[in-house]
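What follows draws every value from the coordinates through simple rules; no lab data is involved. Fair warning: this is a prediction, and the values are worked out from it, not measured in the lab. Every residue, glycine among them, receives a Cβ derived from its backbone with ideal geometry; neighbour counts consider all protein chains shown.
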Amino acid sequence: MELRARINAAVKTAMKEKAQTRLSTLRLINAAIKDRDIAVRAEGKDDGVDEAEVLTILGKMVKQRRESAQTYEEGGRLDLAEREIAEISIVEEFLPKALSDEEVGEAIDSALTEVGAESIRDMGRVMGALKSKYTGQMDFGSVGAQVKQRLAS
């Protein structure tokens, strides 16, 4: 089932079950997707965002909530941190399964070979190849450091 259809079905289910936290989070997801649709249409793409872009949006939402939860915990606002963590679990339901550390290593090796990377100058191409295949499945912040380390040695 298409990702947008899954999200819309989840909204309907949350409405029927009167699950307020879940419903508000799902509505935030839909709002973020629609906001990006509008921006893309202004650029001339009439069909809006594709599945990969939706996965990117969801990944950004998770990252934002993790940062917020950490900030709330540091500030002693555990109630707000718990709410952010609950939202993370809802958003992650629509992301593909995250890769293990071993699988991430294999994906990096594969991308290095595919691109023919030899130096740090090739890092952008390697990251582009990884993002095109593994959006939503790995944390590109930590992967970037790993790619940089492998290219430097």
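I need the calculated FRET efficiency for the pair Asn30 and Arg77, taking r as the beta carbon distance and R₀ as 22 Å, to the nearest 0.05. Before the final figure, lay out the partial values.
Values: r = 27 Å, r/R0 = 1.22.
The computed FRET efficiency comes out at 0.25.
Per residue of segment 26-43, what does 6.51 cos²θ - 1.76 cosθ + 1.60 with θ = phi - 60° give for ³J(HN,Hα)? Whole Hz please, x for Gly and Pro, Karplus curve as stated.
Whole-Hz 3J(HN,Hα) from phi for segment 26-43: 5, 5, 5, 4, 4, 5, 5, 5, 5, 4, 5, 4, 4, 5, 5, 5, 5, 7.
If a/c stays under 1.5 just call it rounded; otherwise compare a/b with b/c (prolate if a/b is bigger, oblate if not). Do that for segment 1-75, with a ≥ b ≥ c from the square roots of the Cα gyration tensor eigenvalues. Write out the running numbers ahead of the final one.
On the way: a/c = 2.44, a/b = 1.24, b/c = 1.97.
Cα axes put segment 1-75 in the oblate bin.
Running a GNM on the chain with Cα contacts under 10 Å, which residue among Leu78, Leu26, Leu95 ends up with the highest mean-square fluctuation?
Result: Leu78 has the largest fluctuation of those listed.
Scan segment 57-93 for GluC sites (Glu not before Pro) in coil per DSSP, keeping those whose Cβ has at most 16 other Cβ atoms within 10 Å, and list them by number.
Within segment 57-93, the qualifying GluC sites (Glu not before Pro) (loop, at most 16 other Cβ atoms within 10 Å) are Glu93.
Roughly how many debye, to the nearest 20, is the charge dipole of segment 30-153 about its Cα centre, given +1 on each Lys and Arg Cβ, -1 on each Asp and Glu Cβ, and no other charges?
Taking the Cα centre of segment 30-153 as origin, the dipole is about 380 debye.
For the pair Lys97 and Lys45, how long in nm is the line joining their label points, each one 7 Å along Cα→Cβ?
Distance between label points: 2.9 nm.
Could you give the angle, 0 to 90 degrees to the nearest 10, between helix 140-152's Cα long axis and the longest principal axis of the Cα atoms of the chain?
Once rounded, the angle reads 0 degrees.
Using a ≥ b ≥ c from the Cα gyration tensor of segment 1-149 (square roots of the eigenvalues), is it rounded, prolate or oblate, where a/c under 1.5 gives rounded and otherwise the larger of a/b and b/c decides, a/b for prolate?
It is oblate, given that a/c is not under 1.5 and a/b is not larger than b/c.
Please report the net charge: other residues with Cβ closer than 15 Å to the Cβ of Gly48, K and R +1, D and E -1.
Charge balance in the 15 Å sphere: -4.
What whole-number distance in Å separates the alpha-carbon centres of segment 1-64 and segment 76-153?
21 Å
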